[in-house]
Amino acid sequence: MSFTGLIANAYDSHCHFAATGEMNQTLQLASLTSAEQVLDLDQTKMHYRGDWLIGFGWDENKWASELLPHRSTLDQAFGERLVSFSRADGHAAWVSTSVLQKLGWLNSDGKLAGPLPNTPGGKIVLDDAGVPTGVVIDAAKTHVDHILPKVSSHQMNSFLLSAIAEFHKNGITHIRDMSCSELQWNETLKLEGSGLLKVAIEQTFSAETPDQFDKAYDLAQRAMKVKTRNVKPVAMKVYYDGALGSEGALLSEPYKSGSGVGLKLLTKDQVQSFLKLAWEIDLALAVHTIGDLAVKEVVEAAIELWDQGLTGDLHLEHAQLISPETLEAMKGRPIKCFMQPCHYLSDKSFLKSKLTDRLLSFLFPYKKLEDMGLEFYFGSDTPIEPPEVNLNYLAMLEMDQMGVPRPAAEFELLHSHPDRSWIQNCHSKFVDGKVTGVSFDGEMVI
């Protein structure tokens, strides 16, 4: 059974605005059933940024081997080209030997050029000889991101317009964007000025690593001084852990694979410093927390500050695993959870092989959040998942049958922006999961 209904101010509470549009110009890898299938990919000029081939969506959990890929496969397929293929969760990259040489990690003979950089909160995957395989995870991926060619203003404009069309196609009129560069902010304002920004945006300002926080904070402060109708700065964003698929989510019990308990990307002092700074300028702090231990430690850090008399909101992004003890500690606190049930549909194939039974019992506790009076909203994490409202509906029904109770609230409310007065006359009609009409600000856009 698919969703049928009318949603006012249809809200994707966790998405990546520019990246959603950029995905249309990226080589798609989700259909790969083995690493070797890259040899058969059809690539075009559109898939390049400068002289780099850019791809997205591979997932070793879908492959028979379930093993992380190796740079040698990319070298065989693409020779000496610079290749960066992001994993389906966006938390790892698979790169060619040429990229590792450009980073200065390997010599022209493929041997180590010297000591590899220290990557707290990240992992450079090594072979048995201690040489990088070409897979970099979480904080280690930022080394690759930093040397990618910069996006031009023309490209950014194209990404944003493409994303708006994608949101409209899927019935979304209001979004909460989780990543914003200065270029994206400037191009967003241009679109609003020209009347083309036909979507309402809650804007967060993301620091991919702790040392990027000051730059994002400066942009946020300047953005808050700009008066706009369709865009509202709402939060700073930081990452506390990684993703489940690449075993970077921080857990209270080890992954069954033996890889450990995941990655911790921030210290308690850093979390509290970022909370204070965000609260000082009346923004929330949004923290990427997928694992149960990540949620627990971030909540505890915030509670210490609240108990000292500080005030401000905490946003938990994903909050896919929360223990009963942490839920109890959250009760009555200014915490909002932004969840993506659709991740269950992608993750269910590997959850039992990665997580203990105890951790599985913590999955998507939105009914418990509801019973405790804590706010939570649904989103897609696009482009990690498609921005399809119906996917969350189907995931919620399936999990209900598997013993994860659905909320009592009408589904429409979980995908609707709570401020009905912000851009009025926005309605999206769904019939059997399909969008049949979308109005934004009184104008039919679909």
- Item | Rounded if a/c under 1.5, otherwise prolate or oblate - segment 388-446, Cα gyration tensor axes | oblate
- Given 0.36 nm per residue, what is the gain on full extension from D432 to L6 after removing their alpha carbon distance, in nm? 152.2 nm
- Item | Computed helical MRE - 222 nm, the chain, DSSP H runs ≥ 4 contributing -39500 (n - 2.57), nearest 500 | -9000 deg cm²/dmol
- Message: Taking R0 as 60 Å, what FRET efficiency do you get between Q221 and L126 from their Cβ-Cβ distance, rounded to the nearest 0.05?
- Response: 0.90
- Query: Exactly which GluC sites (Glu not before Pro) in segment 1-100 are in a DSSP loop and have at most 12 other Cβ atoms within 10 Å?
  - Reply: E66, E80
- Quick shape summary for segment 87-150, equivalent ellipsoid via Cα gyration tensor, semi-axes whole Å in descending order, reads 18, 14, 11
- Task: Going by C-beta contacts inside 10 Å, put D214, D42, D12, D292 in order with the fewest on the left.
- Result: D42, D214, D292, D12
- Largest fluctuation, N392, N157, N107 only, Gaussian network model of the chain with Cα springs under 10 angstrom, belongs to N107
- Query: For the chain, with only Lys/Arg (+1) and Asp/Glu (-1) charged at the beta-carbon, what is the dipole magnitude about the Cα centre, in debye rounded to 20?
  - Reply: 580
- Determine which lysines satisfy two conditions relative to K198: a Cα distance under 16 Å, and not lying fewer than 8 residues away in the same chain. K169, K190, K232
- Note on the structure: Mean separation of Cα contacts under 8 Å (at least 6 apart) over the residue count of segment 287-399, i.e. the relative contact order in percent, is 27
- Task: May I ask you to sort C337, C426 by Cβ crowding, counting other Cβ atoms within 10 Å and putting the fewest first?
- Result: C337, C426
- Message: Test of understanding: in a Gaussian network model of the chain with alpha carbons linked when under 10 Å, which of M224, M399, M46 would top the mean-square fluctuation ranking?
- Response: M46
- Which of the aspartates and glutamates could be linked to K62 by a straight reach, that is with a Cα gap under 16 Å, when you skip same-chain ones fewer than 8 residues away? E36, D89, E247, D347, E385
- Message: So if I restrict to the alpha-carbon atoms in segment 170-307, what is the Rg, and what is Dmax, the biggest pairwise distance, in Å?
- Response: 16.9, 54
- Could you line up T33, T142 from fewest to most neighbouring Cβ atoms inside 10 Å? T33, T142
- Task: Quick one: check the C-alpha center-to-center distance for segment 179-209 versus segment 328-379, whole angstrom.
- Result: 29
- Query: So what's the convex hull volume per residue for the Cα atoms of the chain, in Å³?
  - Reply: 142
- Query: To the nearest 0.05, how large is the calculated FRET efficiency for S259 and R81 if R₀ is 35 Å and r is the Cβ-Cβ distance?
  - Reply: 0.70
- Roughly speaking, what is the centre-to-centre gap between segment 220-252 and segment 31-61 when only Cα atoms are used, to the nearest Å? 28
- Item | Long pairs among K276/K296; K237/K348; K237/K368; K368/K434; K268/K331, criterion Cα-Cα beyond 23 Å | K237/K348; K237/K368; K368/K434
- Among all the aspartates and glutamates, which ones have a C-alpha under 19 Å from K227's C-alpha, if same-chain residues fewer than 8 places away are not counted? D177, E182, E187, E192, E202, D218, D282, D419, D441
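FYI, it's all coordinate maths here, none of it is from the lab. No experiment lies behind these values; they were computed from the predicted model shown. Neighbour counts run over all protein chains shown; Cβ positions are idealised from the backbone, glycine included.
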